[in-house]
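The values are calculated or read from the model by the stated rules, or taken from the named source; none is laboratory data. Since the structure is predicted, the reported quantities are computational estimates derived from the model, not experimental observations. Cβ placement follows ideal geometry from the backbone for every residue including glycine, while neighbour counts extend to all protein chains displayed. The accessibility values were calculated without ligands, DNA or RNA, using every heavy atom of the protein model including side chains. Shrake-Rupley method; radii C 1.70, N 1.55, O 1.52, S 1.80 Å.
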Amino acid sequence: MKVFLLSGAYKNAGDFLIVRRGQQLLERLIPDCQITLHERRLPLEDKLNLMNGCDLAVLCGGPGYSSDFYPSQIPLVKDLSSIHPKLMALGMGWQSRRTDAATRMTYHFAAPMAGLLARIQKDTHILGCRDWFAVEILRRNGYSGATMTGCPAWYHPDFLDKTEPALTNLEQVRHIGISDPANLAVHGPQMEDLIHFLQARFPDAQLHVFFHRGTQMDANTDRATADHLQKIIAFLKREGVPYQDIAYGCEGFSSYDSCDLHIGFRVHAHIYNMSRRTPSFLLEEDCRGTGTNDAMGLPGLRAYSERANRMPEKVYRLAMQLRPQILANPNLLPELEAQLDRQQDTGFWTYRQAYETMSKTYQAMVRQVQQAVALGEG
């Protein structure tokens, strides 16, 4: 079967991990699978014949269930009927900085995006969702095919049936991986506080920081972001904490393999470690992190403040300019410490449950792919 995979991987290491795991998943489940990759931010006109020579077209991961995802982030083609293969959504999610119920209940899709979702549902009747937030929003908008499958990156091929955490006692921790925040203006100071907290809590452990979207200004990183990154790097150098840039690929994730524990802000650092059954504590920046922990059955650790979660967009943007610190949760580290204590007291029992959930959700992902394959072959 020929598969046209629409990739959202441009710089962020996590996006490359989604695509890699998505490819592995499709190749594992589809006999004689032949995959053609296409950057979904690029128009399809000059690739349409190549796409139409395939049996299945797959939108793989990322914030695909956003109001104007099509055509603002994926232009595809103006006339969706010119796309001949069946369209399939593989583990996509919703994106919003707010996670409150009122936001989820009133969320709607713009007409072009609603048309794309209707086409996917008509083709395969499954809109694969990375978390329950996405399922809820799709169902509220009338899409009955919303199915919780988890993100493709949840599924490391060597750990699919394993439910025991690699760590059951914090006294065993010798190496901690820390992932960087995306919103550096708000959460950069929290990261510095996190480093100091971990140095005190785990005095014998080696800390190692990972930057998923790089450390320098380039075509995908503006100067303001690069300046924030350089401030953090200067801090790490003063503290003697090693760091690694893993952008523009997913190979750098293998450096997490030596970690006994991950604590940080990047959703896919969390997912990668959880997929290998290494306990991870995700500091949630927005609905992607909160939705992931909720879907795995893990307690939430919100890096954003309750005030930020209630702010209208105009007020939030003004706060970002004037007082970004009020948007961060002032109780994050005490809440993290309480969760560390809870897992130590229970032998990481909550993580056993999370790994069981991930193993069971994999079966929903398998059923989705098998159903799409049958329809594509038909």
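Which ranges mark the helices (runs of 4 or more DSSP H) fully within the range 278-378 that have 3 or more residues being more than 24 Å from the chain's Cα centre (by Cα) and free of Cβ contacts under 8 Å to residues at least 40 places away in the same chain?
Details: elements: 287-296, 306-310, 313-322, 332-346, 349-377.
Because the criterion is at least 3 residues that are more than 24 Å from the chain's Cα centre (by Cα) and free of Cβ contacts under 8 Å to residues at least 40 places away in the same chain, the helices (runs of 4 or more DSSP H) in the range 278-378 that meet it are 313-322, 332-346.
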Subset of the range 74-83 [surrounded by 16 or more Cβ atoms within 10 Å (Cβ to Cβ) and either under 28 Å from residue 268 (Cβ atoms) or aromatic (Phe, Trp, Tyr) (or both)]: 74, 76
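Considering only residues of the range 325-353 that are of a type in the set (A, V, I, L, M) and buried (at least 17 other Cβ atoms within 10 Å of the Cβ), which is nearest to residue 181 (Cα to Cα)? Break it down into steps so the answer makes sense when it comes.
Here is the first cut: in the range 325-353, the residues of a type in the set (A, V, I, L, M) are 326-328, 332-333, 336, 338, 340.
If we keep only those that are buried (at least 17 other Cβ atoms within 10 Å of the Cβ) too, we end up with 327-328, 332-333, 336, 340.
Working: 327: 14, 328: 12, 332: 14, 333: 15, 336: 16, 340: 20 Å.
The selected residue is 328.
Which of the residues belonging to the range 184-224 are polar (S, T, N, Q), in a helix (DSSP H, G or I) and surrounded by fewer than 17 Cβ atoms within 10 Å (Cβ to Cβ)? Show your work before the answer.
Taking the range 184-224 first, the residues polar (S, T, N, Q) are 190, 199, 206, 215-216, 220-221.
Right, trim to in a helix (DSSP H, G or I) and you get 190, 199.
199 - this is the single residue of the range 184-224 that is polar (S, T, N, Q), in a helix (DSSP H, G or I) and surrounded by fewer than 17 Cβ atoms within 10 Å (Cβ to Cβ).
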Failed criterion for residue 161 (all others in (1) at pLDDT 95 or above; (2) among the charged types (D, E, K, R); (3) farther than 17 Å from residue 244 by Cβ hold): (1)
Residue in the range 273-288 that is open to solvent by 10 Å² or more (accessible area, probe 1.4 Å), closer than 24 Å to residue 14 by Cβ, among the hydrophobic types (A, V, I, L, M, F, W, C) and modelled with pLDDT of 95 or more present: no
Answer from 99, 124, 106 - the residue that is surrounded by fewer than 18 Cβ atoms within 10 Å (Cβ to Cβ) and among the β-branched types (Val, Ile, Thr): 106
Qualifying positions in the range 100-114 - touching a helix residue (DSSP H, G or I) at 6+ places or on another chain (Cβ under 7 Å) and either within 25 Å of residue 368 (Cβ to Cβ) or part of a strand (DSSP E or B) (or both): 104, 107, 109, 112, 113
Subset tally (residues that are touching a residue at least 40 places away in the same chain (Cβ under 8 Å), crowded, with 21+ Cβ neighbours inside 10 Å and either on the phi > 0 side of the Ramachandran plot or not aliphatic (A, V, I, L, M) (or both)) for the range 1-53: 9
Conditions (1) in contact (Cβ under 8 Å) with a residue 12 or more places away in the chain; (2) assigned to a loop (DSSP other than H, G, I, E, B): number failed by residue 88: (2)
Considering residues of the range 138-183 that are part of a loop (DSSP other than H, G, I, E, B) and aromatic (Phe, Trp, Tyr) only, the residue nearest to the chain's Cα centre (by Cα): 155
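For the range 8-63, how many residues are among the basic types (Lys, Arg) and over 21 Å from residue 256 (Cβ atoms)? Walk me through how you get there before you give the answer.
Taking the range 8-63 first, the residues among the basic types (Lys, Arg) are 11, 20-21, 28, 40-41, 47.
Keeping just the survivors that are over 21 Å from residue 256 (Cβ atoms) gives 28, 40-41, 47.
Going through the range 8-63 one residue at a time, the tally reaches 4.
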